[in-house]
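Only one structure is covered here, and it is reproduced in the block below.
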Amino acid sequence: MGWFNYYGLAIMAIIMIPNIIYAVKHKNDVANTYSNKAVVIAEQIGRYGCFCLMIFNIPYTYFNFYFSHALIIYLSVNGALCAAYVIFWVVCWNGGGKLKALSLSIIPSCIFLFSGIVLAYIPLIILSIVFAAGHITISYKNATESKKRKGQTIEDKIKNVVLAIFVLILFALAVVGTIFGEGSDSVFPLN
């Protein structure tokens, strides 16, 4: 891969299309209520830095796909994460709350971080961490503030429990995959 990452451009297009459509259709719903300027600025720097670095590779700052079958893993995992992102957009289109806020902020953070790790792209890894910390914080605070104004229903509590279970399952799968997965990096490889 040269200086231009076609796969990264496709990933960014998949992530941005639902965001643009939502912003056009819900013009009044996109305002942030969280006002910590340092976090907002850090999130914006991370966001636009990740956008650029997903598409453009800066020479001598990335190592390309540095292990066997890395391209297949890169496309498979990012494809699954993009599909999950679009599914969450469809499911949570008119809804709000923590499920929507966290899922639509954690998934792109994972896409950026995973892409940086697989490409060994140090600036993308750093900016994805900055983006994730800021974006998840802002999304959570906005959802919490929105719920304070509306009040929490039993349905919201059930959604919070389902979200917590979902996050725990993803974490458990990541740990199990790392420990018992197939490959030389696993603690107890299956092959």
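Over all other residues within a Cβ to Cβ distance under 12 Å of Val40, the charged ones net out to +2, with Lys and Arg as +1 and Asp and Glu as -1. Can you tell me how segment 1-80 classifies by the Cα gyration tensor, rounded, prolate or oblate, using a/c under 1.5 as the rounded cut? Verdict is prolate for segment 1-80.
Here the gap between Ile58 and Trp3, fully extended at 0.36 nm per residue and compared with their Cα-Cα distance, gives a gain of 19.2 nm. Given a Förster radius of 30 Å and the C-beta distance between Ala23 and Ile158 as r, what FRET efficiency does 1/(1 + (r/R0)^6) yield to the nearest 0.05? Once the sixth-power term is evaluated, E becomes 0.55. By the count of other C-beta atoms within 10 Å, a proxy for reagent exposure, Leu119, Leu75, Leu163 are ordered fewest to most as Leu75, Leu163, Leu119. Between Leu71 and Ile126, the FRET efficiency estimated from the beta carbon spacing at R0 = 22 angstrom works out to 0.45.
The chymotrypsin sites (Phe, Trp or Tyr not before Pro) of segment 90-124 that meet both conditions, a loop assignment by DSSP and at most 16 other Cβ atoms within 10 Å of the site Cβ, are Trp93. Dimensions of segment 6-151 based on its C-alpha atoms, expressed as ranges along the principal axes with the largest first, amount to 51, 31, 22 Å.
Quick note: the coordinates plus some simple rules give every number you see, no bench work behind them. For clarity, every value in this text was computed on a predicted model and none was experimentally measured. So basically every Cβ, Gly included, is an ideal-geometry build from the backbone, and we count neighbours across all protein chains shown.
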